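Reviewing the structure listed below.
The values are calculated or read from the model by the stated rules, or taken from the named source; none is laboratory data. Since the structure is predicted, the reported quantities are computational estimates derived from the model, not experimental observations. Neighbour counts run over all protein chains shown; Cβ positions are idealised from the backbone, glycine included.
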Amino acid sequence: MTRLLALTLVVTALGCALDPARDKRPSRALIGANARHFQAPIKRSQVAFRDTNPPAKEMTVDHEAVSATAQFTMSMRHRTYAGGELEAGVLEGAGSSTAGMYGVFGVELPFAGGALGGELASGWRTVRYSMEGADFSKVVIEPRLRASVWLSEFVTLAATGGLTLGEQSVWMAGVSIGVHSSPFGRWR
């Protein structure tokens, strides 16, 4: 997995460095933290009363996670942007972990001191609920809302909230610091 993450970062960096229009499209890097709430993958009502192989306890309770995120995006036409995001963190149980790698597409509407927008993150996420448990990996789709304010000419502070679509609800909220390649107001 480490090699895949490193390869993704190298390809992204080379793609930006070799882009012939790189000085015409602003980019940004967001570094932040997320809190996630994972609903129980298996509801207690789905477990038969006399089941001889009951599911593990961690599969029938909700979980909380904290993760670090790094997102890199480049602006496109009509106030849209696209890029990628990496996420890694832990759940509350010993030996637990979560990681994800997403493609991100969004639209942003600037205002006097910041921007409001929506984005769609889609990609791969894996979760391990305990040291003895198996990894659960799947493709996810997560719509999000983002609000950001400019702190200086090249730096923003953003808050994000979203919900993973599918049979297991995963709510997320996060904050991040953004470093932009273009000064405030140039690309509005």
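Per-residue answers, yes or no, for (1) buried (at least 16 other Cβ atoms within 10 Å of the Cβ); (2) touching a Leu at 6+ places or on another chain (Cβ under 9 Å); (3) modelled with pLDDT under 95:
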| position | (1), (2), (3) |
| --- | --- |
| 77 | no, no, yes |
| 92 | no, no, yes |
| 121 | yes, no, no |
| 127 | yes, yes, yes |
| 136 | no, no, yes |
| 140 | yes, yes, yes |
| 146 | yes, yes, no |
| 173 | no, no, no |
Residue 146 fails exactly one of (1) in contact with a strand residue (DSSP E or B) (Cβ under 8 Å, 6 or more places away or on another chain); (2) farther than 15 Å from residue 34 by Cα, namely (2)
